[in-house]
Structure formats: C-alpha cells, structure tokens
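Report on one structure; see the data block that follows.
The values are calculated or read from the model by the stated rules, or taken from the named source; none is laboratory data. Fair warning: this is a prediction, and the values are worked out from it, not measured in the lab. Cβ: placed from backbone, ideal geometry, glycine included. Neighbour counts: every protein chain shown. For the accessible areas, the whole protein counts, side chains as well, though only heavy atoms, and no ligand, DNA or RNA atoms are used. Shrake-Rupley method; radii C 1.70, N 1.55, O 1.52, S 1.80 Å.
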Amino acid sequence: MASPASAAATQSGTQSSNPAPDLVALKTRQQVAWSSGNYAIVGSTLQIVGEQLCEALDLKSGSKVLDVAAGNGMMSLAAARRWCDVTSTDYVPALLDRGRARATAEGMTIAFEEADAENLPFDDNSFDTVVSTFGVMFTPNQDRAAAELMRVCRPKGQIGLANWTPDGFIGQVFKILGKYLPPAAGTKSPALWGTRARLTEMFDAGAQSIKAESRLFNFRYRSPAHFLDVFKNYYGPVLKAFAALEPAKQEELHNDLHALIVRMNRSGDATMVVPSEYLEVVITKR
C-alpha cells in the first residue's frame, strides 16, 4: 500500500532515469500513511472484489491461502467463507486488528500475522494460493514483492491479484495527487501492476500461465462530496496529501478530484456511482 508520493506515481507508467530511490525511507512513509485515517472504512466497501477473485481462482475448501497486504481482511474473509486455511498479513497492525474483529464477528477462523510483502516470513512453497487485492501493488520494490509471492507459492499453485489500472478511476485519482505531490524520483508507478506488460515482466519466468481480465468496481457513495469526505478522513494517501498542502492548494486538489468524480459519475442523480477499472489476475506457477 502506498504513501501519497508513491501512490501519486501512477501519473506515469514509465521508469524514471533518476538515481535509485531510497526504498526503505519510502516504505516507512507508506506505513505512516496507511496507519493514518482508517482504511477499514474504505476497504470494507470493496468486499465484492474479493468474492469475485475467489471464484476466478476456483478456490477449493481446505486450500492453504496467504493474503498479502491484506488491509482489513477483505480477501481473507472471502477465502475463509470457502472453508480455506487462511493466513492474513499486513505491515499495519491496526488493520490486522480490524480484520481480526471482522473474522470474530463472522465466526471465521483466520490466522493474522504482521508481515512485510517484500520479506514474507514463510518458507518456500508454503501455500496453495497467494492473493493480494489492491495491496501488494503499492510496494516500493515491485520486483522483490513479486518474487516473494512466487517464492511462497507451491509449484502448480496460484497467485490471485486485483490491481487498479492506470486509466481507471483510482488511477486517475492518483494522477491528480501526483500533480500536487510528485512521486519520489526513480520510483515505479503502482498502477503498472494493473498492466499486462508489467505483470509479464515480473512473473513470466516462473509462471505456467498468466490470465488477466479487466473488471469494474463501482464506487457507490451518497454524493461526490460524501466520497471526498470519506477519503479525506479515512484513506491514508488522500488524507496525507491534503495535510501536506497549504489551504489554497487543498482547495485546488479538492476541486480537481470533485471534477473527476462528476465527469465519471453515471448515477443520473445526486448520488455517486463511479466505475473504477481494475485488473483481475490469476497466475499459475510452474
């Protein structure tokens, strides 16, 4: 998951020629961003994505599943509902607490463990299925994270991903953030995970097959203003972006985001229904 600067890097799908960035410092800023606000408020609205990804993976009961950068456990819960043996991980303890509370409320047995997606504390070939929904795509060291997903997945096992695309609604939100808070020099755009070309670069060497399908998630809120209020108060990257700007720039950012929502809104009334494209990915390991 991303800090404002790294998330804003979606403004470009190209690799910078600048010197290599300090990925450790960037990761620290990310943790601060995602620990602020309350991502669970947003994450819980995305539940349908986890359910659909489980079906795309054709998850079977008893499968050993690892959810990486799990947030508040949206995908973890979906897998547990299919009687899988689920381990839910994130590097933000507060989000794991939220996931644990959801699992308890639903009577689900899920193991929760603090873990860095770029350095997973599990043995090689430990899981039948490794998943991440809108999480691992925000890691600073993309190649390292991809290698870790492959490492802990057993041969012939599957990796399931849901990644925002560069041109979808959330990709456009991060492009706008990038106008106000440019990404760290040399970083790769998180939205590259939402492109078939980048997935091939990261996974093809160890993959038997890579299937990627464009999907839409509809953000449904009371109004554009309601969406902005929620994201400014609870979604770490947007909260931190507004906090880093002077009042005049905050107003400009607000207006740009509001205009994007109005342009993409298909509700036909005062409410907000904005489709956001993401890539649903199923990788089968060799």
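Scanning the range 99-116 for residues that are surrounded by fewer than 21 Cβ atoms within 10 Å (Cβ to Cβ) and either assigned to a loop (DSSP other than H, G, I, E, B) or at pLDDT below 95 (or both) turns up GLY107, MET108, THR109. Looking at SER189, SER209, SER223, just one residue is hydroxyl-bearing (Ser, Thr, Tyr) and more than 18 Å from ASN163 (Cα to Cα), and that residue is SER223.
Go through the range 109-142 and give me each residue that's touching a Gly at 6+ places or on another chain (Cβ under 9 Å) and not β-branched (Val, Ile, Thr).
Once the filter is applied, which keeps residues that are touching a Gly at 6+ places or on another chain (Cβ under 9 Å) and not β-branched (Val, Ile, Thr), the range 109-142 yields PHE112, ALA117, ASN125, PHE127, ASP128, SER132, PHE134, GLY135, MET137.
Here the helices (runs of 4 or more DSSP H) wholly within the range 1-86 that include at least 1 residues being crowded, with 19+ Cβ neighbours inside 10 Å and at pLDDT 95 or above are 47-57, 74-80. Only residues that are open to solvent by 50 Å² or more (accessible area, probe 1.4 Å) and either in contact (Cβ under 8 Å) with a residue 60 or more places away in the chain or among the hydrophobic types (A, V, I, L, M, F, W, C) (or both) were counted across the range 260-278, and they come to 4.
Considering only the range 69-98, state which residues are free of Cβ contacts under 8 Å to residues at least 40 places away in the same chain and farther than 19 Å from GLN158 by Cβ.
ASN72, GLY73, PRO93, LEU96, ASP97
With respect to the stated conditions, LEU66 is more than 14 Å from ALA162 (Cβ to Cβ) and in contact (Cβ under 8 Å) with a residue 60 or more places away in the chain. Just one of (1) outside any loop (DSSP other than H, G, I, E, B); (2) open to solvent by 30 Å² or more (accessible area, probe 1.4 Å) fails for PHE242. It is (2). When PHE219 is tested against the conditions (1) open to solvent by less than 60 Å² (accessible area, probe 1.4 Å); (2) in a helix (DSSP H, G or I); (3) not polar (S, T, N, Q), the lone failure is (2).
Okay, residues lined up against (1) assigned to a strand (DSSP E or B); (2) touching a residue at least 24 places away in the same chain (Cβ under 8 Å); (3) open to solvent by 60 Å² or more (accessible area, probe 1.4 Å):
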| residue | (1), (2), (3) |
| --- | --- |
| VAL131 | yes, yes, no |
| MET137 | no, yes, no |
| ASP143 | no, yes, yes |
| GLU148 | no, yes, no |
| LYS156 | yes, yes, yes |
